[in-house]
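First the structure, in the form of structure tokens, and then the observations on it.
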Amino acid sequence: MEPANLFTVLRRYWRLLAGCTVAALIVGFVLTPAGDAVDNGKWQCKVAITPVAGAADTVRADQVLSYAQGSAVTTAAAQKLHITDVAGLSARRTVAAASTQMLVFTTTGPTQQACADLAAALSEATITGYSQESKKSADESIKRLRAQADTQQQQLDDLQKQFSRANTTDQAKLQPQLSTATAALTKTLGAIADLQNYSQTDAIQQWGSIDAKELGGNLLTSPTRSVRLALAVVLGLALGVVAALMLSRMDTRLRTRDGAEEAFNLPVIGEIPLLSRRLRRLREPLVTARPEDPATEAYRSLRSTLLLTGPRALSAQLGQGGLDPDGRRARRAAEPAPVVLVMSGRSGDGRTTTVANLAATLAETGRQVLVLDCDFRQPGLRGHLGVGDGPGMAELLSGEQLPDPVDLIRRTNVPGVALITGGNTTAYPAALVLRAGEVLKLARRHADVVLIDSSPLLHANDAYDLVQHADAVLVTVMAGNVRPEEADRVSELLARTGVPVAGVALLGAEGATGRRKRTLRPGRPPAKGSPAKAAPAGKSTPPVPEPQRRAEPAPRVEPQRRPGEHQRAADPRPAAPGYGEAPDRRGGATSWGRRPAELPPEEPVETTLQLRLGEER
């Protein structure tokens, strides 16, 4: 994807980017410690504890592990390190049995010294505490054994007295008892001596030195909250960009000129930039409210293209806007005004806005424009042109007798533009357009150009019934509002009518997705004998300077007509410059750049490439 298109996608999904960034900030704020907390997981230390030599038989590993995991050890270490957060200290240490005779303490800390100090404090607290517990238990055992030894001593003294008073025969009987009592007393005194020695020394000891190593940090263990939140913003933006690109890939709606031309199979003759919210709220045409705005110039470009490339009745009136009233009436009687139907496939395609601004730009050329609001479902032209409520097209089409439209023509806030509003629609809208042909015959005599606003083609049949009474059709599409299948359906319906289609006006246009291709769609090869390729044999055309090439009109090639088909009366005036104007729909021709459905492929037909001959020059 090109950088320009990438920025276009990101601008389109800026709300998604903002949402992902805010979500990442919230998650980072909640999951990380408050304030500028230290990173307690930056360093890791390990220290081992084993029984003292010779005490392995008396020291039980499970008892030492149970004691080391207790709160007494953590509390003693916290007191030594002058730390009040005992719970936080417990979270920074773990203890496990590495073997039957070894325990290992694992601690973490922000610095190597803090980590080592905690490991040493826990090791010392375990050794000291367990030794104290062992001494206390030994003292209790010594006290019990001494009481037992006193009892055994008394028994031994009694046996010795009996032995001294007994005769030889009795002494022989008392000798085994005297020996057993003496051995029991000796054993008890030995146990007391062992316990006294055990209680005077530590039962366990530290094994080796403290092993310390540095660990890597992450987003949640960053030293400061500001750094963590900055990283969260970066991650949120990255996630938003990925999501935006995925949505852009899945979104098939038409947004560019190339996409619209390919979907409609029609040239885009006008690109209106996306208007700001302030300009969209204007209650008058942008052409009159902001004459110098770039969008206004885009509407003027659309007008010029429509006049120069439109039907003969429309383009031949160039430069005739300065006639006096009598001259205008005479010209309209001899040559009724052309009718341009502005239509769209869906609602929200800017059709009504285009009609209002196109009427204003046509009025700038000196023409008198009559606008007919035939959108009986959602009429909105009177709001754009500053006209109040009142009778209009609905009353004109629903009456039993057809009145003169001049009685319903109303002035607007745009000089040179008149409007017949939609009126108060009470009848079924589809039934109103049945008399549209008679009304348009009368309306042609009251203006130089007649513009019609209609309902969306894919939502109602009104526009399809009005097409047969128009001399040209202009299709409007809002970027991002129409899908390719909907555009193809509009293109198919228009091809069946045979009415010349001027092209597509793309509103809210974005940049093209790449370099434009000047090739035809498959199945539409260039026509034989077209003006782009036909030349007299044996003759060469002299080179023409560039300025003369731009001014030279493209030659016209009329499609072959079948026998019996109706043909318009020949226009005595010369054909106006333009490309590929199709004859009247009643002559069997269809829109510009299209192959008529009723003609065989071998008949000469103007193609899109030939129609753009002037643009290529």
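The values are calculated or read from the model by the stated rules, or taken from the named source; none is laboratory data. Keep in mind that this is a model prediction, so the values were computed, not measured. Note: ideal-geometry Cβ built from the backbone for every residue, glycine included; neighbour counts use all protein chains shown. These accessible areas exclude ligands, DNA and RNA; they are computed on the full protein's heavy atoms, side chains included. Shrake-Rupley method; radii C 1.70, N 1.55, O 1.52, S 1.80 Å.
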Evaluate the distance, in nm, between pseudo-label points positioned 7 Å from the Cα of Asp62 and of Arg377 along their respective Cα→Cβ axes. 8.3 nm
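Sum up the charges of everything whose Cβ sits under 12 Å from the Cβ of Ala436, counting Lys and Arg as +1 and Asp and Glu as -1, but leave Ala436 out. Before the final figure, lay out the partial values.
Details: positive: Arg435, Lys441; negative: Glu438, Asp462, Asp465.
Summing Lys/Arg as +1 and Asp/Glu as -1 gives -1.
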Can you give the extra length, in nm with one decimal, that the chain gains between Arg331 and Gln160 once fully stretched, where that is 0.36 nm per residue apart less the Cα-Cα distance? 45.6 nm
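Set the Förster radius R0 to 35 Å, insert the Cβ-Cβ distance between Glu214 and Val242 as r into 1/(1 + (r/R0)^6), and round the FRET efficiency to 0.05.
Details: r = 33 Å, r/R0 = 0.95.
Calculated transfer efficiency: 0.60.
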Please list, in order along region 274-283, the HN-Hα scalar couplings obtained from phi with the Karplus expression 6.51 cos²θ - 1.76 cosθ + 1.60 (θ = phi - 60°), rounded to whole Hz, x for Gly and Pro. 5, 7, 5, 5, 5, 6, 5, 8, 5, 9
In whole Hz, with x marking every Gly and Pro, tabulate ³J(HN,Hα) for region 335-341 from phi via Karplus 6.51 cos²θ - 1.76 cosθ + 1.60, θ = phi - 60°. 9, x, 5, x, 10, 10, 9
According to the square roots a ≥ b ≥ c of the eigenvalues of the Cα gyration tensor, what is the shape class of region 243-295, taking rounded for a/c under 1.5, prolate for a/b larger than b/c otherwise, and oblate for the remainder? oblate
Lys pairs in region 44-188, Cα-Cα under 24 Å, at least 8 apart or on separate chains: how many? 10
Using modelled backbone amide H atoms (1.01 Å from N, in-plane), which distant-in-sequence or interchain residues come within less than 5 Å of Phe376's amide H? Ser455
Taking H placed 1.01 Å from N in the peptide plane, check which residues at least 5 places from Val268 or on another chain put their amide H under 5 Å from its amide H. Val504
Residue-ordered couplings for region 87-96, obtained by feeding phi - 60° into the Karplus form 6.51 cos²θ - 1.76 cosθ + 1.60 and rounding to whole Hz (Gly and Pro as x), are 5, x, 5, 5, 6, 8, 9, 9, 9, 8
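Using the beta-carbon distance between Glu124 and Arg146 and R0 = 41 Å, what value does 1/(1 + (r/R0)^6) give for FRET efficiency, to the nearest 0.05?
Details: r = 32 Å, r/R0 = 0.78.
So the FRET efficiency works out to roughly 0.80.
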Once R0 is set to 25 Å, what does the formula 1/(1 + (r/R0)^6) return for the Cβ-Cβ distance between Trp207 and Asp139, expressed as a FRET efficiency to the nearest 0.05? 0.40
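Please work out the average accessible area per residue across region 73-159, using the 1.4 Å probe convention, and give it in Å².
On the way: 4570 Å² over 87 residues.
Roughly 53 Å² per residue, with all protein chains present.
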For the pair Gln196 and Glu438, the simple spin-label estimate (label points 7 Å beyond Cα toward Cβ) gives in nm 13.6 nm
Could you calculate the contour length gain from Val234 to Ile83, that is, 0.36 nm times the residue separation minus the distance between their Cα atoms, to one decimal place in nm? 50.7 nm
Extending each Cα 7 Å along its Cβ direction at Ser276 and Thr100, get the distance between those two points in nm, one decimal. 8.4 nm
Going by amide H atoms built from the backbone, whose H comes under 5 Å of the H on Val371, apart from near neighbours? Ala418, Leu419, Ile420, Leu451
